[in-house]
1. Scan 181, 223 and give me the residue that is surrounded by fewer than 22 Cβ atoms within 10 Å (Cβ to Cβ) and either at pLDDT 95 or above or within 30 Å of residue 265 (Cβ to Cβ) (or both).
2. Taking the conditions exactly as written (in the same structural domain as residue 253 (by TED's automatic domain parsing), touching a residue at least 24 places away in the same chain (Cβ under 8 Å) and touching a strand residue (DSSP E or B) at 6+ places or on another chain (Cβ under 8 Å)), does residue 365 satisfy them or not?
3. Condition check: touching a residue at least 40 places away in the same chain (Cβ under 8 Å), in contact with a strand residue (DSSP E or B) (Cβ under 8 Å, 6 or more places away or on another chain) and under 24 Å from residue 95 (Cβ atoms). Does residue 237 satisfy that?
4. For the structure I just gave you, tell me whether residue 416 is in the same structural domain as residue 51 (by TED's automatic domain parsing), closer than 30 Å to residue 143 by Cβ, in contact with a strand residue (DSSP E or B) (Cβ under 7 Å, 6 or more places away or on another chain) and assigned to a helix (DSSP H, G or I).
5. Provide a single number: the residues in segment 186-218 that are in contact with a helix residue (DSSP H, G or I) (Cβ under 7 Å, 6 or more places away or on another chain), outside any loop (DSSP other than H, G, I, E, B) and within 18 Å of residue 410 (Cβ to Cβ).
6. Tell me yes or no: at least one residue of segment 60-77 is over 21 Å from residue 177 (Cα atoms), in contact (Cβ under 8 Å) with a residue 24 or more places away in the chain and surrounded by fewer than 19 Cβ atoms within 10 Å (Cβ to Cβ).
7. Is it true that residue 394 is part of a helix (DSSP H, G or I), more than 25 Å from the chain's Cα centre (by Cα) and under 26 Å from residue 242 (Cβ atoms)?
8. In segment 370-398, what count of residues is obtained for those that are exposed (fewer than 15 other Cβ atoms within 10 Å of the Cβ) and within 30 Å of residue 202 (Cα to Cα)?
């Protein structure tokens, strides 16, 4: 099966090569880390080493408390990180300074083997899912235990992995344990073929890793940069994807009549889209200021839409919000983004209906009365208008979200307790 999968990757690579060559000069994410993706990861000396893989920006923050507590309990271990994207690598380097961070190798057997030979991990942790079969099989051949933490699995992935495990009996063999984020995800992993005895419901690591206190100094700098008055209501649209900015702009324009001092801060999920987003907004007649241009000396306008084109500022932006819309949720297929970040800061949360990747989080917030689902730009404008017109309701909604996050903490301790036997075994000589 490994050989067949490699053949598939070669065929797919040949077919996609013209597309990739066209994309290469257009955006950094298509050319970043090419050498490391081919398996030339940093060459590290032998040591007790934990390799933590986070797909991208959204997963980078998830294991923060887990890593901190792991290092306190195991100071003789080294922790290294990988990601699939340039923004993910940049975010990991920001969150975990002093740690080695690199690009995940392609799931092509020679690349996976080369990376493992250079990094030499004792244990590999995959955050959420990221099950790359050739990589995990290469780990198994080296007796390197693989664990999934904050495990989540959508319906589509569950069906695919269930079919694959039916024809590839060893697909799940390298995964020694899966610490799922919910009972529903634990059941889904078992249905996908992972033996039920290896799956445990440990809760949401994100709740432990979330920032629940605002940073007044960073917020003050952003307020000054964006020329936001302290009394002005602010709608923050975070992690938006293509097609959603039009809906957010439409809602913003509809709201300006009743709330003339309303400001919009828009943070696209992929920062390389910032110019495109700014052009779209300007075509609608809106004044726009990109954060990087403001930092370079562009004068701030008191009514401009602030477009965030830098990495690592979204949480601070949420701190400025009167209410927050979380993207990748309004247009199918969507999937959602991290709704817990604004909720942890006590902000009322709005999303679209397509949040399949964040079902436990949405269930938690909706059950607490801390999130509202909207279907259209008109509904988004209607709900924001309601919250701006009734600040008491907005405050209660935000407090309910923060309370729900606080009450859901504790997944880090449960996950570490489940991982400890695996770590102890990996510490033995010859493993």
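The values are calculated or read from the model by the stated rules, or taken from the named source; none is laboratory data. Quick caveat, the model's predicted, so the values are computed rather than measured. Counting neighbours? That spans all protein chains shown, and the Cβs are built from the backbone with ideal geometry, glycine included.
1. 223
2. Yes, satisfied.
3. Yes; evaluated as a whole, the condition is true for this residue.
4. Criteria not met by residue 416.
5. Looking only at that region, the number is 7.
6. yes
7. Spelling it out, it is not the case that residue 394 is part of a helix (DSSP H, G or I), more than 25 Å from the chain's Cα centre (by Cα) and under 26 Å from residue 242 (Cβ atoms).
8. Adding up the residues that qualify gives 1.
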